[in-house]
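Contents: one structure, followed by commentary.
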Amino acid sequence: MKVCNIEEIGVTRWDAFVNSQGQAGVYHLSVWKNVLTDVFNSRCHYLTAVSEAGDVCGVLPLVHFKNRLFGNFLVSMPYFNHGGVLSNSPKADEVLLKHAIDLSESLGATHLELREFHARNNGWQHKDEKVLMLLDLPDDPDLLSKAVGAKRRSQIRRPEREGASTKVGGMDLLDDFYTVFSRNMRDLGTPVYTKKLFETVLKARPKETFIVVIYLNALPVAAAFLIGYKQTIEIPWASSIREFNRLGINMKLYWEVLKHSISQGYKTFDFGRSTVDGPTYKFKKQWGAKPKQCYWNYWLAKGQELPSLNPQNPKYKIAIAGWKKMPLAIANRLGPHIVKHLP
């Protein structure tokens, strides 16, 4: 068995293999290579395990980060919750891992990070603080309404009494989505992605990508970006304007998102990752979501420690506090240049 790059087998064969695997995730698809290259100018290494008979037996999408501020490392898949090796045999898994480690060493990387759902042995370390929150969707929104209970139904109806309305669409709602999203990111002290990321995803997967926006007096106050794949739909990005949260705007947003997901025939809703018993975990749990353990597996170069590129790292505390006070226009201009270096 040999390892080659995606260019040697072509995107059609890559995606055919991904789509044939039950454990595949949307971020294993080849389209993300183009998205990340076009938007962030990412250096991608899409590795493929091919048998002696010429059959694709495994894939591993890798993205290389190298900058003075955050270091030199590879990730599968950055910016999202999952990726890692997708294979149909232990041998394919083995050769892809070996090639990835060899690549990491040749690039002088401090570490290799694989975002997966199982822990790896053989000297790899892992982090397991995060879980995905998954909800089995019924066939009818009325069944979900009954399941969430009277208290939640009351919280959902309150914004409606205040005059809240909903729109579901795609590119036509991008500006309104980004208005809410960029402001919320600034308020959290987090650099925002460029609007081009969302535009590129919408163009790349128009039939599986949706935007939901909640309005109050014609003002967009909450918004979500949804990506579907097979029978699962996930919400990688959602935001609300903080001053309207007292009205239950976030509850209304998620109710509309879940209703739309059911209407499109999806069977599982992925709320995204959370820390067990944290605020977002409890919010998602109230809808009936159940945790699925995440393992972020690490190969570390000799003498290296587990990385800590996250907002909880104390050394970023001052920067986060300062970012929250930054004028929105400046934050939106500077944010994309920083966040593209953060996986």
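Worth pointing out:
- One residue from ALA150, ALA100 being without any contact (Cβ under 8 Å) to a residue 24 or more places away in the chain, in a helix (DSSP H, G or I), out of contact with any helix residue (DSSP H, G or I) (no Cβ under 7 Å at 6 or more places or on another chain) and among the small types (Gly, Ala, Ser): ALA150
- Every pair of residues 6+ apart whose Cβ atoms lie under 6 Å, when the first sits in segment 118-136 and is within 19 Å of GLN23 (Cβ to Cβ) while the second is of a type in the set (Val, Ile, Thr) and outside any loop (DSSP other than H, G, I, E, B): LEU134/THR268
- CYS44 vs. criteria closer than 23 Å to LEU300 by Cα, at pLDDT 95 or above, in contact with a strand residue (DSSP E or B) (Cβ under 6 Å, 6 or more places away or on another chain) and outside any helix (DSSP H, G or I): yes
- Scanning segment 114-163 for residues that are of a type in the set (S, T, N, Q) and either more than 28 Å from VAL85 (Cβ to Cβ) or surrounded by 12 or more Cβ atoms within 10 Å (Cβ to Cβ) (or both) returns GLN125, SER145, SER154, GLN155.
- Number of the exception - ALA224 against (1) out of contact with any Ser or Thr (no Cβ under 6 Å at 6 or more places or on another chain); (2) closer than 27 Å to TYR266 by Cα; (3) part of a helix (DSSP H, G or I): (3)
- Residues considered: ILE227, ILE233, ILE211. Of these, the only one that is modelled with pLDDT of 95 or more and more than 17 Å from LEU174 (Cβ to Cβ) is ILE233.
- Look at segment 83-94: where a residue is touching a residue at least 60 places away in the same chain (Cβ under 8 Å) and more than 13 Å from MET1 (Cα to Cα) and a partner is surrounded by fewer than 23 Cβ atoms within 10 Å (Cβ to Cβ) and acidic (Asp, Glu), sitting 6+ places away or on another chain with Cβ atoms under 6 Å, you get GLY84/GLU116.
- Beta carbons closer than 6 Å, at least 6 apart along the sequence or on distinct chains, pair a first residue in segment 193-219 that is exposed (fewer than 14 other Cβ atoms within 10 Å of the Cβ) with a second that is of a type outside the set (Lys, Arg) for LYS196/VAL39.
- Looking at ALA109, ALA92, just one residue is under 26 Å from the mean Cα position of the chain (by Cα) and either assigned to a loop (DSSP other than H, G, I, E, B) or farther than 18 Å from THR48 by Cα (or both), and that residue is ALA109.
- Checking the stated criteria, LEU300 turns out not to satisfy the condition of being modelled with pLDDT under 95 and surrounded by 18 or more Cβ atoms within 10 Å (Cβ to Cβ).
- Only one of the numbered conditions (1) touching a residue at least 40 places away in the same chain (Cβ under 8 Å); (2) not assigned by TED's automatic domain parsing to the domain that holds GLY149 is not met by LEU253, and that is (2).
- If you go through segment 69-89 and keep only what is part of a loop (DSSP other than H, G, I, E, B) and surrounded by 15 or more Cβ atoms within 10 Å (Cβ to Cβ), you end up with MET77, PRO78, TYR79, PHE80, ASN81, HIS82, GLY83, GLY84, VAL85, ASN88.
- Top-ranked residue in segment 239-280 [being farther than 21 Å from ARG186 by Cα and in contact with a Ser or Thr (Cβ under 7 Å, 6 or more places away or on another chain); ranked as surrounded by the fewest Cβ atoms within 10 Å (Cβ to Cβ)]: THR268
- Going through (1) touching a residue at least 40 places away in the same chain (Cβ under 8 Å); (2) within 16 Å of the chain's Cα centre (by Cα) one by one, SER51 falls short only on (2).
The values are calculated or read from the model by the stated rules, or taken from the named source; none is laboratory data. Just so it is clear, the structure is predicted and the values come from calculations on it, not from any experiment. For neighbour counting, all protein chains shown are included, and Cβ atoms are generated from backbone atoms with ideal geometry for every residue, glycine included.
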